[in-house]
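Below is one structure, written out as structure tokens; the observations come after it.
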Amino acid sequence: MKTAILSDIHGNLEALEAVLSDLEKLQPDRILCLGDLIGYGPDPEAVVNRVAELEIRCVLGNHEAALSSEKALGWLNFLARENNLATKSLLSDRSLDFCASLPRSIRFENACFVHGCPPDSILKYLYMLGDADITDLVETLPEKRFFVGHTHELRLITISRGDIARTKLAEGSLELIEDMTYFINVGSVGHPRDGNGKAKYVLWDNRDGTLQVRGVSYPAHLTAEKIVARGFPKAYAICICPSFK
Ligand SMILES: [Fe+2]
């Protein structure tokens, strides 16, 4: 079973469409999204509609949670809070209901899918976990494959017989070893923070154990122009398109 795992689309329709085009060639059996469909980007309504229309299973991100929770809104920094309120005004009631209906995690076939940190945190960042925290998590959870988003960075943590290794992930393929445990941070489709304008996602094949990291080019300058035209912070435009003036 080939599973495409997307995260942090953040209202970036051009990046999402580029990833969907890439997936047409790869023909996954299913597509999952790890939350933050909205926020920062100029097309939240179109992104939510596209995800809903394609019946992509999605978990709750902290930006969706902030739409309906004062507490979750308070977790965002000032700029992101203002942006969340502006984003909310662009969403239909149907899209707001869709965002409110998202589960905190999806778990099946030895894998757990969550926005922030397993088993179901939408806020905690994976890099906040020390080795002892990771050891505790691995001992208490039955899965061996954990897919997360939230940091917008490609990262990998491997755990084998108590040894923990942390590495960056790059485009390309790697083979996951069956009896090892992996935390895979899948990067961001629509708001990468790595200075590389490509939309990132991963394709996981649970039969042969391969993990493919994909980076897809898209017209980020168009999205950047739309961000500014919406009156959203220019910093968000520069983040996805470093050459944007
Ligand atoms: Fe995010």
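Laboratory data are not the source of any read-out in this text; all were calculated from the coordinates shown. Quantities reported herein were computed from a predicted structural model and do not represent experimental measurements. Neighbour counts run over all protein chains shown; Cβ positions are idealised from the backbone, glycine included.
The convex hull defined by the C-alpha atoms of the chain has an orientation-averaged projected area of 12.3 nm².
The string of couplings for the range 100-116 from the Karplus curve (6.51, -1.76, 1.60, θ = phi - 60°) is 6, 8, 6, x, 6, 7, 10, 9, 6, 6, 6, 10, 10, 10, 8, 5, x Hz, one whole number per residue in order, with x for Gly and Pro. Of all DSSP beta bridges confined to the chain, the antiparallel ones make up roughly 70%. Restricting the range 134-186 to trypsin sites (Lys or Arg not before Pro) that sit in a DSSP loop and have at most 15 other Cβ atoms within 10 Å of their own Cβ leaves Arg161.
List the aspartates and glutamates whose Cα sits under 19 Å from the Cα of Lys198, skipping any in the same chain fewer than 8 residues away. Leaving aside aspartates and glutamates fewer than 8 places away in the same chain, those within reach of Lys198 are Asp8, Glu14, Glu17, Asp22, Glu24, Asp36, Asp43, Glu153, Glu171, Glu225. Here the Karplus relation 6.51 cos²θ - 1.76 cosθ + 1.60, evaluated at θ = phi - 60°, turns the backbone of the range 202-218 into coupling constants of 10, 10, 10, 10, 7, 7, 9, x, 7, 10, 10, 9, 10, x, 10, 6, 8 Hz, with x for every Gly and Pro. Applying the criteria of a DSSP loop state and at most 15 other Cβ atoms within 10 Å to the GluC sites (Glu not before Pro) of the range 70-169 yields Glu109. Checking Cβ-Cβ separations below 4.7 Å across the chain identifies Cys99, Cys112, Cys117, Cys239, Cys241 as cysteines lacking any candidate disulfide partner. Looking at the range 157-245, the GluC sites (Glu not before Pro) that sit in a DSSP loop and have at most 16 other Cβ atoms within 10 Å of their own Cβ are Glu171, Glu178.
Taken one residue at a time, the phi angles of the range 127-144 give Karplus couplings (6.51, -1.76, 1.60, θ = phi - 60°) of 6, 6, 7, x, 4, 5, 4, 5, 4, 4, 4, 4, 6, 9, 10, x, 7, 10 Hz. Gly and Pro are set to x. Structure note, pairs Lys2/Lys88; Lys144/Lys234; Lys124/Lys200; Lys200/Lys234; Lys88/Lys168: Cα-Cα distances above 32 angstrom occur for Lys2/Lys88; Lys144/Lys234; Lys88/Lys168.
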